[in-house]
Protein chains: 4
Amino acid sequence: MTTIDLNCDLGEGFGAYTLGDDAALMRVVSSANVACGFHAGDPRTMRRGVEMARAAGVAVGAHPGFPDRVGFGRREIGATAEEMTTDVLYQIGALAAFCAAEGLALQHVKPHGALYNLAARDRHVADAVVAVIARFDPTLILFAPPGSAMVQAASEHNLRVAREIFADRAVEPDGRLVARGAPGAVITESEAVIARTLRMIRTGRVTAINGQEIELTGETICVHGDTPDAVAILGSLRAALEAEGIGVRPVGEWIGR
Amino acid sequence: MTTIDLNCDLGEGFGAYTLGDDAALMRVVSSANVACGFHAGDPRTMRRGVEMARAAGVAVGAHPGFPDRVGFGRREIGATAEEMTTDVLYQIGALAAFCAAEGLALQHVKPHGALYNLAARDRHVADAVVAVIARFDPTLILFAPPGSAMVQAASEHNLRVAREIFADRAVEPDGRLVARGAPGAVITESEAVIARTLRMIRTGRVTAINGQEIELTGETICVHGDTPDAVAILGSLRAALEAEGIGVRPVGEWIGR
Amino acid sequence: MTTIDLNCDLGEGFGAYTLGDDAALMRVVSSANVACGFHAGDPRTMRRGVEMARAAGVAVGAHPGFPDRVGFGRREIGATAEEMTTDVLYQIGALAAFCAAEGLALQHVKPHGALYNLAARDRHVADAVVAVIARFDPTLILFAPPGSAMVQAASEHNLRVAREIFADRAVEPDGRLVARGAPGAVITESEAVIARTLRMIRTGRVTAINGQEIELTGETICVHGDTPDAVAILGSLRAALEAEGIGVRPVGEWIGR
Amino acid sequence: MTTIDLNCDLGEGFGAYTLGDDAALMRVVSSANVACGFHAGDPRTMRRGVEMARAAGVAVGAHPGFPDRVGFGRREIGATAEEMTTDVLYQIGALAAFCAAEGLALQHVKPHGALYNLAARDRHVADAVVAVIARFDPTLILFAPPGSAMVQAASEHNLRVAREIFADRAVEPDGRLVARGAPGAVITESEAVIARTLRMIRTGRVTAINGQEIELTGETICVHGDTPDAVAILGSLRAALEAEGIGVRPVGEWIGR
């Protein structure tokens, strides 16, 4: 039986602000990327995120970002490798404490936003980030784009990787996401999201934004929780996957080394 | 042989700012309270603090404070118990990650500034803070003033306590510190610091600011690192302790349950 | 003809977060209290708030709060008078710059949340806050609760005051707001909001939460923009006021010295 | 008689942290660039900086930076033009309020660190920053490197410019500063600082780091306050300038349109 992981960014509120419907999303994903307080999230959202995940049987991952709350971690900061790795370690540790207090183990790490994009393309940054994760806990799984510098770095540092593909984002011919904001970047129709996701899982192929057929597959599928119909689309996607006999389970339960 | 722990607040810089001579202090203390990024400190100061402590054989404790960098954690914030405990858990976890990356175990937790004072006098806050520490790691040691609400709460939650006495601060007849800023609050002469500290260790007694003799002793002695002669005074104190046959060692190595 | 000012807190988003429907609120109020970046708001929300106000003919006021974004300025901080007044001056100046860039004059200042409550009851704080406002620009109007320490301080410093009453909040027998969160604190029915507001304007009286009749009136009426039906309630209130022949205009246009 | 302005970055402390000897620097400069709370400074340092400047007859300028306190504004952030200009307007307005409260007029604006470097080389950013300054107050003077995009933008927006040259920094053959950290970037000998500064003022020429003679002059000379001997070097420089009959006065008093 084919198995897949379904992940979503969660716990992205802050103080009086909420973002996304965490409670509803928890019912449809198998892994949650919980914001760690630098680009979004605060100690209360982290506690609630971990508690909800435990109650829902969802695995928890850290979602560390650049220290840029007003920019939501979407702006690249000209930081040194030491700054990035210590920022990442700080955030992972903070979230791991909420997991420990709930008797959960942290499953994975997924860098957020501009840090994800930078570590995906820059091997020097990827090596630094991967090294600090492995040093903190070598059993963690890194979520990273197929073929990225992060995947290469993880391979070298002997850190497990779940290749991440996006259910609702168009891709360039080289497999990278079409930039948010560009026309057609976000796929909003439920049926299209389902069809392309099933195809990536079944065949390892997808149609890029220019019409070209490319190879693209992974072990974990990301759906964004901040689009208006996110919960409905995710629910439909999960139902369609299960109807096709594809199991949806946290990647840490079934991924090999 | 009598044994005592000597602790100091460290890692209180931030970004381009430095505060105190961490490297020099590390050579004279046995336990370091490392700031965790809310009232002082950042991920770089935390990494350096932990590395220096490991190199010097100094035990590391978390020094969590109110989220108030501009106020250095010295201003009480009207926070809920949930806000305080999640803030504390976040900070402890972040520092524990730097310890883990260096192969060290976190030894203790010492709340900072206004949070320390509040938890010392308010049993409701003390219970909440102690409970979250015990839930995260029941082997941690709490640094708290003798007779305080924190000591009572720790006893109830079965968390070990090192009673903290201050080498360079005058005390009220009830054992609490004379408020910083009040006349005579800080004792700056090396000889007076040494004499009163030796007396507290040897006899369990000290002279309060009004001349009254009171009972006051503890397992860990705090010396502030931000006074001009802190390093010199601490060095003299340590030498005097050792000359008197009092061993200076991290409290986690010798304190009982 | 009776004239009244209708004010609302606006520009309370931050970065990727939104809070309240600023565009809709701008169509029904005559004065906007714009958050200044310490408890809510950022330079983009401030620019947009001022631009929308100018376009809608709404007067702009500064809404400075404690430096506590995660607590939304609702937690009292044990700050010194110097800390509070310099924080207030900083925030007023920042917002005044956005007004100046749009060719608008700042109309008023309304302290936010815990700072409002503190300055309302503590004459020492009220004097400090009023003095710094008057020193920055003596033509500004202070929004403050009737009978509060702020009103007294403003009288002494010769600063104009618009007494603020709340359309949708129950009051204690002494005229103060029933604490948010207490039963009955927020009045959510449109008709009740309208009836009690009209009565306060027409008769200067209102029924306190214990049933007692008290005297309470003012020149500016606050409606909260963060309740679910805020825009609808405010629209109904404004229509009812105008149907009763009560003009709704920015207080700076008609208040005397 | 030749006249020159001598400027220094000041007010760069934060909360409990101090940086540089502001009181001593105030005695030797004619213009002070006061940090505005984003990369350094807080409302207290701003108030004190403005008060000290007024007392010393020193003109005040705003020193706005990227919102990056932990990075001291030295890291470029991938911000939009709107983000940069609203951040700049916010900071200028905040400092202008402290000036207004002291009865002073703001003299100039000097972007800080990474923002200075970016606006110096990127005409799009320079235009945006210059436009917002001119819109806020068209009488302000921009401090900018000779020949930079900022100078060009200011010329187009009809904003006055004081070209800034650095007394203690080596330059590349194209006139830009040698990167901080590169060998020879900072000139630490008092005599060399004085000789090259006098030469730039008298002849409009200087020797670049590769030995090449280049044209470089300006109306305001920057000396950094954070080097160990800053105050002594600045004092010697000022004395040397005056001994040579060069008047040291705030640029706003003598610069033409």
When you scan the stretch A:73-92, how many residues do you find that are polar (S, T, N, Q) and within 19 Å of the chain's Cα centre (by Cα)? 2
How about the stretch C:92-107: which of its residues are more than 7 Å from chain D (Cβ to nearest Cβ) and touching a Leu at 6+ places or on another chain (Cβ under 6 Å)? C:C99
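Determine whether D:Y17 is under 21 Å from D:D137 (Cβ atoms) and among the aromatic types (F, W, Y).
So D:Y17 fails the test.
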Would it be correct to say that B:A114 is touching an Asp or Glu at 6+ places or on another chain (Cβ under 7 Å), away from chain A (no Cβ under 14 Å), within 26 Å of B:R69 (Cβ to Cβ) and surrounded by 18 or more Cβ atoms within 10 Å (Cβ to Cβ)? yes
Starting from residues that are within 17 Å of C:D68 (Cα to Cα) and within 17 Å of the chain's Cα centre (by Cα), keep the ones in the stretch C:22-42 and report whichever is surrounded by the fewest Cβ atoms within 10 Å (Cβ to Cβ). C:F38
Just to be sure before I move on: is B:H224 under 21 Å from B:V251 (Cα atoms), surrounded by fewer than 22 Cβ atoms within 10 Å (Cβ to Cβ), touching a residue at least 60 places away in the same chain (Cβ under 8 Å) and within 14 Å of the chain's Cα centre (by Cα) in the structure I sent? yes
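When you check C:G175 against the structure, is it on the phi > 0 side of the Ramachandran plot and within 10 Å of chain D (Cβ to nearest Cβ), yes or no? Explain how you work it out, then say what you get.
Details: on the phi > 0 side of the Ramachandran plot: yes; within 10 Å of chain D (Cβ to nearest Cβ): no.
Criteria not met by C:G175.
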So which residues in the stretch A:43-58 are away from chain B (no Cβ under 14 Å) and surrounded by fewer than 20 Cβ atoms within 10 Å (Cβ to Cβ), if there are any at all? A:A55, A:A56, A:G57
May I ask you to verify whether B:G211 is in contact (Cβ under 8 Å) with a residue 60 or more places away in the chain and small (G, A, S)? no
Residue ID - nearest to the other protein chains (Cβ to nearest Cβ), chosen from residues in the stretch D:1-21 that are outside any loop (DSSP other than H, G, I, E, B) and under 15 Å from the mean Cα position of the chain (by Cα): D:D9
Mind checking which residues of the stretch D:178-201 are touching a residue at least 24 places away in the same chain (Cβ under 8 Å) and either among the basic types (K, R) or outside any loop (DSSP other than H, G, I, E, B) (or both)? D:V186, D:S190, D:V193, D:I194, D:R196, D:T197, D:L198, D:M200, D:I201
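In the stretch A:68-122, what residues are under 24 Å from B:F136 (Cβ atoms), hydrophobic (A, V, I, L, M, F, W, C) and out of contact with any strand residue (DSSP E or B) (no Cβ under 9 Å at 6 or more places or on another chain)?
Across the stretch A:68-122, the qualifying residues are A:L89, A:A97, A:A100, A:A101.
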Please go through the stretch C:69-91 and give me each residue that is facing another protein chain (nearest Cβ under 7 Å), of a type outside the set (G, A, S) and closer than 19 Å to C:Y17 by Cβ, ordered by number. C:R69, C:V70, C:F72, C:R75
Being surrounded by 15 or more Cβ atoms within 10 Å (Cβ to Cβ), closer than 16 Å to A:H63 by Cα and free of Cβ contacts under 8 Å to residues at least 60 places away in the same chain is the requirement here; does A:A154 meet it? no
Tell me, please, whether a residue that is crowded, with 17+ Cβ neighbours inside 10 Å, acidic (D, E), within 30 Å of B:T139 (Cα to Cα) and modelled with pLDDT of 95 or more can be found in the stretch B:202-215. no
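The values are calculated or read from the model by the stated rules, or taken from the named source; none is laboratory data. A quick note: this is a predicted structure, and the numbers were derived from the prediction, not measured. Positions of Cβ are backbone-derived with ideal geometry, glycine not excepted, and every protein chain shown enters the neighbour counts.
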